[in-house]
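Before any comments, here is the structure.
The values are calculated or read from the model by the stated rules, or taken from the named source; none is laboratory data. As the structure is a prediction and not an experimental result, all values here were calculated from the model. No Cβ is skipped: glycine too gets one built from the backbone with ideal geometry, and neighbour counts run over all protein chains shown. Calculation scope for accessible area: heavy atoms of the full protein, side chains included, ligands and nucleic acids excluded. Shrake-Rupley method; radii C 1.70, N 1.55, O 1.52, S 1.80 Å.
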Amino acid sequence: MKLLLAVLLSVPFTIINFNAYLKGNAPSAVHVLSTGLFLLVWLAWAFYTSQQDRKPSLFIRFSSVYGLISIIGVFLMYFVEAWIIAVPVGIIILGPVYGLRHFMPTLPYEAFGYACVLIVYAASLIGAFIGELSSKRSAKA
């Protein structure tokens, strides 16, 4: 269920960023704002989900597995160069955060892909930790 939601969260932002991402153009202000909104939505999802989960750190486990699969996917995308891998990785993982390219214009594409995965993972961890702390404080009150 969380994987499906992650894909559904990613696709609209990929659509916004797709033209610049596909052509390798520099992201515009719209792409940067879209990426910022995606990261905020992702962080809010992590916050809300970690508050609602009955088991602590369930979202963190999901994020870790999702991040690991993303890193492997980015690696395979750049080094195997197979369309069967590149299309889903591009759409689901890298497309929504293409606006970050504005802040890392000289970073090689391979390193940029890994940086994007780590930034989304960081948003997951931050949101999940804040959500868990918030739920623990609510339980004590």
FRET efficiency for LEU37 and LEU118, using Cβ-Cβ distance with R0 set to 22 Å, rounded to 0.05: 0.70
Rel. contact order, % - alpha carbon contacts under 8 angstrom, at least six apart, the chain: 41
Give the calculated FRET efficiency between ASN19 and MET104 to the nearest 0.05, with a Förster radius of 25 Å applied to their Cβ-Cβ distance. 0.80
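About its Cα centre, how strong a charge dipole does the chain have in debye, to the nearest 20, once Lys and Arg get +1 and Asp and Glu get -1 at the Cβ?
On the way: 9 positive and 4 negative charges, 110 e Å.
In debye, rounded to 20, the chain gives about 520.
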Distance between Cα centroids, the stretch 32-93 to the stretch 94-123: provide it in whole Å. 12
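Between ALA29 and LEU3, 0.36 nm times their residue separation minus their Cα-Cα distance comes to what? The partial results should precede the final answer.
On the way: separation 26, 0.36 × 26 = 9.36 nm, distance 2.88 nm.
Contour length minus the Cα-Cα distance gives 6.5 nm.
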Starting from the Cα-Cα distance between LEU68 and ALA111, subtract it from 0.36 nm times their residue separation and give me the gain in nm to one decimal. 13.9 nm
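Enumerate lysine pairs in the chain that are 8 or more residues apart or on different chains, then count those whose Cα atoms are under 26 Å apart.
Working: LYS2/LYS55; LYS2/LYS136; LYS55/LYS136; LYS55/LYS140.
Lysine pair count for the chain: 4.
Ignoring any ligand, DNA or RNA, what whole percent of the accessible area of the chain comes from carbon and sulfur when the probe is 1.4 angstrom?
On the way: 6080 of 8170 Å².
Carbon-and-sulfur percentage of accessible area, whole number: 74.
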Degrees between helix 2-23 axis and first principal axis of the chain (Cα, 0 to 90, nearest 10): 30
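Send over a whole-number figure in Å² for the accessible area per residue of the chain, probe 1.4 Å.
Numbers: 8170 Å² over 141 residues.
Per-residue accessible area for the chain comes out at 58 Å².
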